[in-house]
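Since the structure comes first, as structure tokens, the remarks are kept for the end.
Just so you know, all these numbers are worked out from the coordinates, no wet-lab data involved. These numbers were taken from a predicted model, which means no experiment stands behind them. Neighbour counts are summed over all protein chains in view; Cβ atoms, including those assigned to glycine, are modelled from backbone coordinates with ideal geometry.
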Amino acid sequence: MDVIEALKGRRSINFFDPGRQIDGNIIRDLLEIANISPSSSNLQPWEIIVVSDPHKKKALRECSFNQKKVEEASAVFIVIANPNAIEENIDRVLEKSVELGYIMKEDVGKYRSGPFKLYGEKDSLKRKIFAVKNTSFFAMSIMIAARGLGLETHPMDGFDEEKIKKAFGIPDDRIIPLLITIGYPIPGLKLLPRAFRRKLDDFVKYNAYE
Ligand SMILES: Cc1cc2nc3c(=O)[nH]c(=O)nc-3n(C[C@H](O)[C@H](O)[C@H](O)COP(=O)(O)O)c2cc1C
């Protein structure tokens, strides 16, 4: 499937085939592809919990305002943004950047200080925005790559973040920007027409905001 087709055909699917599981290798392939997503200073502030165990999906449904697709989908991804990815990832990212020829060894100090200056202190709003912004690219890549692998998805914001953190042992400092249900649609599923989209003239401006 080409990328235009993948984007144009993506829909938020409500009715997954509960009888079909996704092979674990396919999930790994999908996540490897999404992991190529771009991120600021290549800091990759995303983490993910793949929830496929039926009991765990049931527990997750209870944290997600009882949305039944959470239990019917083959798996649900708890997409996690890590505001501390700067401290956690910067040294290995820079080491690899030297090894791969992106930067010179003597410039590592300069590159190391950049993200700390740009995104401020731990716990700051800037850090949270940094983490969620970059993790959102990862999430979108998952949804597009899923289509290329013959799968469908549904992004979800309808959940109780604190409840999920407690039920799945996610540290307090992490943020859950969204869940993504993933699976195969029920056979013969008829979709409504594409949901409303604004006209480009409503929001595209050229050269200035006016
Ligand atoms: C971040 C995000 C959160 C969403 N949360 C939910 C949700 O909790 N439940 C739901 O049924 N749909 C949810 N949706 C799906 C949207 O309603 C859907 O994307 C939109 O109506 C457009 O439909 P389409 O994705 O099929 O084009 C969410 C979408 C996004 C991007």
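Sequence-distant or interchain residues sharing an amide H contact under 5 Å with residue 16, placed H: which?
186
Mean separation of Cα pairs under 8 Å and 6+ residues apart, divided by the residue count of segment 121-210: what relative contact order is that in percent?
Relative contact order of segment 121-210: 29 percent.
Sorting 7, 60, 94 on the 10 Å Cβ count, fewest up front, what's the list?
7, 94, 60
Along Cα→Cβ, 7 Å out, is where each label goes; now give me the distance between the ones at residue 197 and residue 65 in nm to one decimal.
The two pseudo-label positions are separated by 2.4 nm.
Going by how many other beta carbons lie within 10 Å of each one, how would you line up 102, 111, fewest first?
The fewest-first ordering by Cβ neighbours comes to 102, 111.
Given 56/190; 69/190; 56/128; 58/190; 57/166, which pairs have Cα atoms separated by over 18 Å?
The pairs that break the limit, which is 18 Å between Cα atoms, are 56/190; 56/128; 58/190.
Enumerate the calculated ³J(HN,Hα) couplings along segment 159-173 in order (Karplus 6.51 cos²θ - 1.76 cosθ + 1.60, θ = phi - 60°), each rounded to whole Hz, writing x wherever the residue is Gly or Pro.
Result, ordered by residue: 7, 9, 4, 5, 5, 5, 4, 5, 5, 10, x, 8, x, 4, 6 Hz.
In nm, give the distance between the simple-model label positions of residue 99 and residue 189, each being 7 Å from the Cα along the Cα-to-Cβ direction.
4.0
When we measure straight from the Cα of residue 96, which aspartates and glutamates land under 19 angstrom away, once same-chain ones fewer than 8 places off are left out?
Answer for residue 96, where 19 Å is the Cα cut-off: 32, 87, 88, 106, 107, listed by chain and number.
Give me the one-decimal nm value for the distance between modelled label points at residue 133 and residue 206, 7 Å along each residue's Cα-to-Cβ direction.
2.7
Going by how many other beta carbons lie within 10 Å of each one, how would you line up 124, 74, 97, fewest first?
With the fewest neighbours first, 124, 74, 97 line up as 124, 97, 74.
Using only Cα atoms, find the angle between the long axis of helix 125-148 and the longest principal axis of the chain, and express it within 0 to 90 degrees, rounded to the nearest 10.
Here the helix axis deviates by roughly 50 degrees.
Residues with amide H under 5 Å of residue 178's amide H, sequence separation 5 or more or different chain, H placed in the peptide plane at 1.01 Å from N; which?
79
From the helices alone, meaning DSSP H stretches of at least four residues, give me the mean residue ellipticity at 222 nm for the chain, per-run term -39500 (n - 2.57), in deg cm²/dmol to the nearest 500.
-13000 deg cm²/dmol
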